[in-house]
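Comments concern the structure below.
Bear in mind that the values in this text are calculations on the coordinates, not laboratory data. Remember, it's a predicted structure, so these values are computed and weren't measured experimentally. Don't worry about glycine lacking a Cβ; one is built from the backbone with ideal geometry, like all the others, and counts go over all protein chains shown.
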Amino acid sequence: MYTTPLCISPPPRAPIHKLNGDVLLHLFMLLRDVEPLSIWAISRTCSRWRDLALQHSPLWSRIVIDTSVIRHLGSNYVSSWAELWIGRSGTQQGLDITIDLQDASLWQDDNPTWADIEVVLLSICRQAHRWRSFAYSLDNHIVKKKQPIGRGILTSLLAFLHSMPLLRTVHLGQGLHCRIRGLTPQYLHSFLSPEVAPQLHSLSLSNIIIDGTTSTSNVEQFCYEVRDERAEPARVLSALRAHPLMRKLHLSGWSAGLHTQFEHGRIVLERLTELHIPPTTCMAAVLSSLHMPNLTDLTLDARHTRGDDPVEERRGRQKSPYTSKFLHYLMFQPRTMSLITLTLHLPHHDVPWDSVLTFKSLEALRIVKPGNDRFWVTCLSDLWKLCKKSIQDDGWLGWSLPHLHSLILEETADYEQELREGWREVEIDITKAFKERLEAVDEDESQMVSLRIDIVGPNRKVEIRGGSVGRVVTGSIGRTFPKEGRK
């Protein structure tokens, strides 16, 4: 009997192992941006990858301390691996810091204590001169025992946070009833100022009170969320008054503190061009105190209003006084007629067409509705003022919104129901309804601009352009309807 010697060939090497160090580092950087824990996984894969990871400090410049990271690296050694992470980032590289303990109340074991937070924060704050971005969110159930700020800790913070020259983005948020004296986001906010952080560009605050003693007036993008049912419009106005130079403002949240009387002066936001705001009664009171002469982009977002807000109690009625009230405040402001873009997220609320049509300078209108909204059944009757000529404010027959060049009707699946029936009818009816206006451009009407209509769904899109041409796009399939002859 003859035997053949058994030859065992080495396992094939994966293609990634053949890449040179520069390419691997580029891939590692991309992975680090997707998942912060990936740099730890990379450093534990093999000796070659570990050496590359440890030699390239920018890979460690994004430091994240949240539930997933703590569970992976160990809740009993947070300060140890946080120090190690900081050490591996080098001494010169800019840092992006995220401390997200907002869901700590959901942890089954080992909720972090104030001692844990103090050690980690002091380590992080020691590198404040390297911060590019800083995000800190705190749960209101995180503290087992209230502890005041010690004199030694305060002295250290004053030394660490006196200069943040690279800082451009900050997010601070805390729980609804987090009023504890300690290293809370509210307390750290008090260290921000144009002198300390001269490059600060974007600031996002959630449930942070601004009492006028601090100012970050150099901020250009400002987000402010109210998550306190006792909050009053005056709290929001105080926050806005501290940021007079902002260009973009995003307000969100809910509050029932409307009926309390408050004294305020009119706030002029001269540079503000973009505003995103929920149409709630509290925010309506805020808006009535603002003067925004250069506002060009407005978004009304009612997707997250609470059911016990007065505007929600009117659901099902024929009119939407809350949105009309919002636009009413803008209509009578000097120079506010330059509004160019209007976006309406109004699930199950009527669109305030009479107010919308008042903004003659409007160039883009986007209406976003869930699939089961009655808007999709009645949209033709709602849009008729845009489809046909009508008597205008000057008494002459003309087109409403003559500068409008983009109309987007967007269906979302937010309510787990999609507009499945009647989609074809909607697109055909709108194409026919707007035929006269679409063809008016070809008649050389000097004051008319070409109107583009897009009907957008979760997995489909209809594009209606000049004449009566429509294009339906579903996935990768497109269909073009021929242009009809003019009558």
Self-check item: Extension reserve of the Arg374-Ile340 stretch, reckoned as 0.36 nm per residue once the Cα distance is removed
Solution: 9.6 nm
Practice problem: Divide, for the range 17-60, the radius of gyration over alpha carbons by 2.2 N^0.38 Å, where N is the residue count. | Solution: 1.00
Self-check item: Long-range HN-HN contacts of Ile65 with modeled amide H, under 5 Å
Solution: Thr98, Ile99, Asp100
Quiz item: Taking a 19 Å limit on the Cα-Cα distance, which of the listed pairs Lys360/Lys461; Lys360/Lys388; Lys385/Lys432; Lys385/Lys435; Lys389/Lys461; Lys369/Lys389 fall beyond it?
Solution: Lys360/Lys461; Lys389/Lys461; Lys369/Lys389
Quiz item: Could the peptides 359-368, 278-287 be put in order, highest first, of the mean number of other beta-carbon atoms found within 10 Å of their residues?
Solution: 278-287, 359-368
Practice problem: Kindly write out, for the range 120-132 in residue order, the coupling ³J(HN,Hα) from the Karplus curve 6.51 cos²θ - 1.76 cosθ + 1.60 (θ = phi - 60°), rounded to whole Hz, with x marking Gly and Pro. | Solution: 5, 5, 5, 5, 5, 5, 4, 9, 4, 5, 10, 5, 9
Exercise. Return the long-range amide H neighbours of His276 (sequence gap of 5 or more, or a different chain), with a cut-off of under 5 Å between placed amide H atoms.
Key: Leu249, His250, Leu251, Thr299
Self-check item: Under Karplus coefficients 6.51, -1.76 and 1.60, residue-wise ³J(HN,Hα) of the range 91-96 in Hz, glycine/proline x
Solution: 10, 10, 5, x, 10, 10
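Beta carbons within 10 angstrom, averaged per residue: use that to sort the peptides 195-201, 93-99, highest first.
Highest-to-lowest ranking by the protection proxy: 93-99, 195-201.
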